[in-house]
Each structure stands twice: as C-alpha cells, then as structure tokens.
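Read the structure below first, then the notes.
The values are calculated or read from the model by the stated rules, or taken from the named source; none is laboratory data. Bear in mind that the values here come from a model prediction, so they are computed numbers and not experimental data. Glycine gets a Cβ as well: all are built from the backbone with ideal geometry, and neighbour counts include every protein chain shown. With ligands, DNA and RNA removed, areas are computed over all heavy atoms of the protein, side chains included. Shrake-Rupley method; radii C 1.70, N 1.55, O 1.52, S 1.80 Å.
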Amino acid sequence: MALYVLVLGSAAGGGFPQWNCGCRNCAAVRAKVSGLLPRTQDSVAVSADRRRWFLLNASPDIGKQIRDNPQLWPRSLRDSPISGVVLTNGDLDHVLGLLHLRESQPLSVYATARVRSGLERNVFLRTLQRFDGQLRWQTLELERTCELQTAAGVPCGVHVTPVAVPGKPPLHLAADCEPALEDNVALRVRTTSSGVLTYASAVADAKAALPQLQGSAALLMDGTFWSEAELPDMGIAMGPARSMAHQPVGGPEGSLAALNKIDAARRIYTHLNNTNPMLDPDSAQYERVVSAGWEVARDGLKLTVE
Ligand SMILES: [Zn+2]
C-alpha cells in the first residue's frame, strides 16, 4: 500500500508573495514574471487510501489549499476528507489553519504534549471544542510510532513516528518558556508496506538531525533561507536565519553541504521564505540545488511513496 502525498503549501510563514513585502521576488511574482510561482504556507496532506487525508501542519492558507485540491472537497452535505492534523511545532504558520477548520467538524489533532499546552493557552481553540468529541487530541511521543486515527477512532493506515530535530518554541511563547526537545519534531510517515516520507520543515541544525532524516524514500526539508544573513542583508530588521531556528541551505555551513551524502531517494526543499533566491528557477542558487540532486517544492506537487 503506497503513501500518497500532496504538497498543499511550500512557502514559509508569510507565503509568497507576502502581503507586506516588496522584495525582488515578491514584486516579480506579483508581476507574474515567468518561472516564479506563488506559494501558500507550508502544509502537506498524506493518505493511505486517498479517501481519508491527514494534514501535516495546518496553514492559515488552508481555505485556498482545500479549494485548489479536489481530494479535500466534501463528498456529502457535511463532510470532509480531512480526518485530522499532525503538528510539527507551534509556529503560527503551522497552527493557525486549525481555527479555519471549525464549523463543527470532528478532527483528530496530533501534537507533542509541549505543543498542545502552548496551543491550549489560547481561548480561540475552544471553538474546536464546542461539543464532546469534536477535537480528539492525540499525544505524539518522541520516537513512538502511532497509526493515525479519525476523530471517531478509526485507524487509517498511515503510521507516523515523530523525531526531535533542533528547533525552538514558537516566537509568541519564546519569552516565557525554556526550549525543550518536544518543541519541534520531524515526522517519519509510512504505510505498513511503503517507504518513508520524512517531513522536516524546520531544522536548525541538519548535521545534528542527519540520523533522523536518513533512509527516506522522500525527504521534505527546511529550505526557508538560502543564506544566514538573507533578511538583514536586504535591510529587513530581522536576525540571522539561525535566530529563527532555520539553518540556511547555501554556504559551507548550510544544509545542502551537511546533507550531501544523505540516504534519501527524493530530496525536496520546502518551507521557502519569499526572500529565498531559490524561488527563481533562473537563479544560480536554484541551479546549485538542482545540480546537487535536490528539487524545490511547489504547491500542488504530488508524490507517491511506494
Ligand atoms: Zn518578499
């Protein structure tokens, strides 16, 4: 049984273009310069049967993502093929979509205890808990494989193993909590007979995470920034990539170098920030990535992991 994968969104927080950004990339994509594709914020859907889908992260762009992917359209009066959501961290670009999935639809939500407790500090979450059984929390425990279930407890043939990778708590909680291993996970996803999809959209240190990423039929990897000083170099008042717990792709200290011998049949960068020069297929950076055997994700990319 294969694992079916839909890349719903391939941009980092803010999307591409970002509403308040006039950088070269954002201006070019608004002007519909050929080769540059708009992208929604990072989210992936997975399924073993192509009937019941689980979102890996819930992006604020989920409404558009559902409209763009008929696999996620209702099949009856009140229905959704989306059975649940698996969260990798508490970053807003990964969790805000949960609040768009209300309208009394039962959902299974998988998160580490740490990520759940951060979310439960927000009263908006109560809109997903209007009646018993609307939101079924399931705890992700590091290194423990679970088979994803619907809110009604029906197993769906998708097995997920969360593994800790270097990251950080979400920005809005960073001031009042110490970093912990469960702040940020990668997900190793498979059916009982498929290869492994590894989804690692936030990785602060690819070399340290390498054992967790190895042995993948397909790897979706943090490609947020090309360079460490990408934002400050453009005059944007933000810290280096490191301060946001995203190791850049390029340079001798980048993830492309750190993962050059990784055992992964398909290697795909995703979670691309709008400033990243890799978004332009005519750029030298795009060429570097592709010539090293990597792909650059785009919205609508479909994978079948056998
Ligand atoms: Zn921009």
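Please verify whether the stretch 94-104 includes one or more residues that are open to solvent by less than 80 Å² (accessible area, probe 1.4 Å) and farther than 25 Å from T224 by Cα. Break it down into steps so the answer makes sense when it comes.
Let us first name the residues in the stretch 94-104 that are open to solvent by less than 80 Å² (accessible area, probe 1.4 Å), namely 94-99, 101, 104.
In the following step, the residues that additionally are farther than 25 Å from T224 by Cα were identified as 101, 104.
Yes - at least one qualifying residue is present in the stretch 94-104.
Is there a residue being open to solvent by 60 Å² or more (accessible area, probe 1.4 Å) and in contact (Cβ under 8 Å) with a residue 40 or more places away in the chain anywhere in the stretch 257-264?
yes
Could you pull out the residue among R114, R144 that is in contact with a helix residue (DSSP H, G or I) (Cβ under 6 Å, 6 or more places away or on another chain) and basic (K, R)? Full working, then the answer.
Working: R144 fails: in contact with a helix residue (DSSP H, G or I) (Cβ under 6 Å, 6 or more places away or on another chain).
Result: R114 is the single residue among R114, R144 that is in contact with a helix residue (DSSP H, G or I) (Cβ under 6 Å, 6 or more places away or on another chain) and basic (K, R).
Among the residues of the stretch 81-92, what is the count of those that are in contact (Cβ under 8 Å) with a residue 60 or more places away in the chain and either over 29 Å from P179 (Cα atoms) or open to solvent by less than 20 Å² (accessible area, probe 1.4 Å) (or both)? Give the steps one after another, and end with the answer.
Restricting attention to the stretch 81-92, the residues satisfying the condition of being in contact (Cβ under 8 Å) with a residue 60 or more places away in the chain are 83-84, 86, 88-92.
With the extra rule that they be either over 29 Å from P179 (Cα atoms) or open to solvent by less than 20 Å² (accessible area, probe 1.4 Å) (or both), the set shrinks to 83-84, 86, 88-90.
Result for the stretch 81-92: 6.
Can you confirm whether A186 is more than 30 Å from T150 (Cα to Cα), open to solvent by less than 40 Å² (accessible area, probe 1.4 Å) and at pLDDT 95 or above? Steps first, please.
Working: more than 30 Å from T150 (Cα to Cα): no; open to solvent by less than 40 Å² (accessible area, probe 1.4 Å): yes; at pLDDT 95 or above: yes.
Taking the combined requirement at face value, the residue does not satisfy it.
Out of curiosity, is D68 open to solvent by 20 Å² or more (accessible area, probe 1.4 Å), in contact (Cβ under 8 Å) with a residue 12 or more places away in the chain, away from the ligand (no atom under 16 Å from the Cβ) and within 27 Å of Y286 (Cβ to Cβ)? Spell out how you get there, then give the answer.
Details: open to solvent by 20 Å² or more (accessible area, probe 1.4 Å): yes; in contact (Cβ under 8 Å) with a residue 12 or more places away in the chain: yes; away from the ligand (no atom under 16 Å from the Cβ): yes; within 27 Å of Y286 (Cβ to Cβ): yes.
Judged against the criteria, D68 is a match.
When you scan the stretch 106-136, how many residues do you find that are open to solvent by less than 50 Å² (accessible area, probe 1.4 Å) and under 19 Å from W53 (Cβ atoms)?
Selection size over the stretch 106-136: 8.
Please specify each residue of the stretch 15-58 satisfying the condition of being in contact with a strand residue (DSSP E or B) (Cβ under 8 Å, 6 or more places away or on another chain), within 9 Å of the ligand (Cβ to nearest atom) and either among the polar types (S, T, N, Q) or open to solvent by 30 Å² or more (accessible area, probe 1.4 Å) (or both).
N25
Please return the ranges of strands (runs of 3 or more DSSP E) entirely within the stretch 155-237 where 3 or more residues are among the hydrophobic types (A, V, I, L, M, F, W, C).
It comes to 155-164, 185-190, 216-222.
Yes or no: T40 modelled with pLDDT of 95 or more, farther than 23 Å from E182 by Cα and under 12 Å from the mean Cα position of the chain (by Cα)? Before you say what the answer is, go through the steps one by one.
Working: modelled with pLDDT of 95 or more: yes; farther than 23 Å from E182 by Cα: yes; under 12 Å from the mean Cα position of the chain (by Cα): yes.
For T40, the condition - modelled with pLDDT of 95 or more, farther than 23 Å from E182 by Cα and under 12 Å from the mean Cα position of the chain (by Cα) - is met.
Evaluate the stretch 229-239: report whether one residue or more is more than 16 Å from the ligand (Cβ to nearest atom) and either surrounded by 14 or more Cβ atoms within 10 Å (Cβ to Cβ) or under 19 Å from the mean Cα position of the chain (by Cα) (or both).
Going residue by residue through the stretch 229-239, those that are more than 16 Å from the ligand (Cβ to nearest atom) are 239.
Subsequent filtering for residues that are either surrounded by 14 or more Cβ atoms within 10 Å (Cβ to Cβ) or under 19 Å from the mean Cα position of the chain (by Cα) (or both) retains none.
No: the stretch 229-239 contains no residue that is more than 16 Å from the ligand (Cβ to nearest atom) and either surrounded by 14 or more Cβ atoms within 10 Å (Cβ to Cβ) or under 19 Å from the mean Cα position of the chain (by Cα) (or both).
How about the stretch 145-162: which of its residues are surrounded by 19 or more Cβ atoms within 10 Å (Cβ to Cβ) and of a type in the set (A, V, I, L, M)?
So in the stretch 145-162, the residues surrounded by 19 or more Cβ atoms within 10 Å (Cβ to Cβ) come out as 148-149, 156, 158-162.
Answer for the stretch 145-162, where residues must be surrounded by 19 or more Cβ atoms within 10 Å (Cβ to Cβ) and of a type in the set (A, V, I, L, M): L148, V158, V160.
Run H246 past the list (1) open to solvent by 30 Å² or more (accessible area, probe 1.4 Å); (2) within 16 Å of the ligand (Cβ to nearest atom) and report the number of the one that doesn't hold.
(1)
Please return the ranges of strands (runs of 3 or more DSSP E) entirely within the stretch 252-306 where 1 or more residues are at pLDDT 95 or above, among the small types (G, A, S) and away from the ligand (no atom under 16 Å from the Cβ).
On the way: elements: 264-270, 294-296, 302-305.
Output list reads 264-270.
Output the number of the condition that R78 fails; it satisfies all remaining conditions of (1) away from the ligand (no atom under 16 Å from the Cβ); (2) surrounded by 20 or more Cβ atoms within 10 Å (Cβ to Cβ).
(2)
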